[in-house]
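Report on the structure given below.
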Amino acid sequence: MYKQIAVLAVAVGGMTIANAAIKKAEFGKTKEGTAVQIFTLTNSKGMEARIMTYGGIVVSLKAPDRNGAMADIVLGQDSLDAYVTNNSPFLGALIGRYGNRIGHAKFSLDGKEYTLDKNDGDNTLHGGAKGFNTKVWTAKQLADGGLELTYVSKDGEEGFPGTLTETATYHLTDNNELKIDYAGSTDKPTVFNPTNHSYFNLKGAGNGDILGHVVTLVADRFTPVDSGLIPTGELKAVKGTPFDFTKPTVAGSRIEQNDEQLKLGHGYDHNWVLNSGGGALALAAKVEEPTTGRVMEVWTTEPGVQFYTGNFLDGTITGKGGKVYARRNGLCLETQHFPDSPNKPSFPSTTLRPGQKFHSQTVYRFSTEK
């Protein structure tokens, strides 16, 4: 269970994280009257991340283009009310207790079956209708300019066993990296698969689709799905399929091909099996945007990444600055353990037991090219 823990502890222990400035402001109240804060992290190069305590959401992320011009490159909304009322696509949110799907909204652990919330057809998606993306997290500003968010999920919440405590720690480094460290512990055996659901558009949020972005995925295999987007259990080679991103490939170049898996996902909405296998921090993906020169690398200790091309964005959400988010206006790279792992014994385990400490890290590294 989570063999990456020991390896990661060494890596993190030797890591130097540059100091960054951090500011706090009020961002409204939930319908229940709970106050929500928003934190702005900036580095010495002018890059900026804004993260709020509701859902741990990355509200904005500003990065430079090849000429040094800053743009907000994540999809989001202007107000807390908009997120509370209208965030069915999980814009920028922390996902839990279990990222991605669990088939038939149930699983068995140590001989006991647990029934979860069905919020995606017959399945559970991203922890249920009231997952961690809907919770107000407790914030702590760190001395090094980082932001630590904590949420305690009670035993039985959304059907999951055990009281689980998660922390998600954000750092914005002077190397133009947004780092997220995830940690978790439980008082009963449970399943745990945290991730972040930011939608990226390296042209700038609201500036059209992402079909011209050039994508590389460091994965020779992916997990095919059934009609409910639940993995079949197969680890299929990408070679010779539209899922081969082992070399830089334009995201939209094959997305409309006559392929059963593309039809089931309405585009790309699948888990890639990273060649690294998880454990040590390794490159998972690279995205290049030719018109601006922006480049994003995704590094992770997780064994998988969900590449999602915003197929279900439908123009019903008005984003920041009044811009409407239409189909495929953003792409997600959700680092994770595989979907439906609690029901797939051959997949890397997501079981977390009392006394174990879950720890993983994902790094979004930004640069430019001419």
The answer for GluC sites (Glu not before Pro) in segment 140-214 that fall in a DSSP coil and have at most 13 neighbouring Cβ atoms within 10 Å is none
Eigenvalues of the Cα gyration tensor times 5, then square-rooted: what semi-axes does that give for the chain, in whole angstrom, largest first? 27, 25, 21
Could you work out the relative contact order of segment 101-157, using alpha carbon pairs under 8 angstrom and six or more residues apart, expressed as a whole percent? 22 percent
LYS140: which aspartates and glutamates have alpha carbons under 16 Å from its alpha carbon, excluding same-chain residues fewer than 8 sequence positions away? GLU26, GLU148, GLU166, ASP181
Write down the Kirkwood hydrodynamic radius of segment 244-370, to one decimal in angstroms, obtained as one divided by the mean of 1/r over all alpha carbon pairs. 16.6 Å
Scattering from the C-alpha atoms of segment 66-202 alone, worked out with Debye: what is log10 I(q)/I(0) at q = 0.12 1/Å? -0.55
Per DSSP, loop trypsin sites (Lys or Arg not before Pro) in segment 212-319 with at most 12 further Cβ within 10 Å: LYS239
Taking segment 263-370, which GluC sites (Glu not before Pro) meet the DSSP loop condition and have no more than 16 other C-beta atoms within 10 Å? GLU369
For an R0 of 22 angstrom, estimate the FRET efficiency from the Cβ-Cβ distance between LYS236 and HIS266 and round to the nearest 0.05. 0.70
Whole-number Å³ per residue for the convex hull built on Cα positions in segment 166-277: 164 Å³
So, in Å, what gap is there between the alpha-carbon centers of segment 314-370 and segment 48-100? 12 Å
Tell me whether segment 268-316 comes out rounded, prolate or oblate; compute the Cα gyration tensor, take square roots of the eigenvalues as a ≥ b ≥ c, and use a/c under 1.5 as the rounded threshold. oblate
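Read the figures in this text as sums done on the coordinates, not as results from a lab. This structure is a prediction, so every number in the text was calculated from the model and none was measured. Don't worry about glycine lacking a Cβ; one is built from the backbone with ideal geometry, like all the others, and counts go over all protein chains shown.
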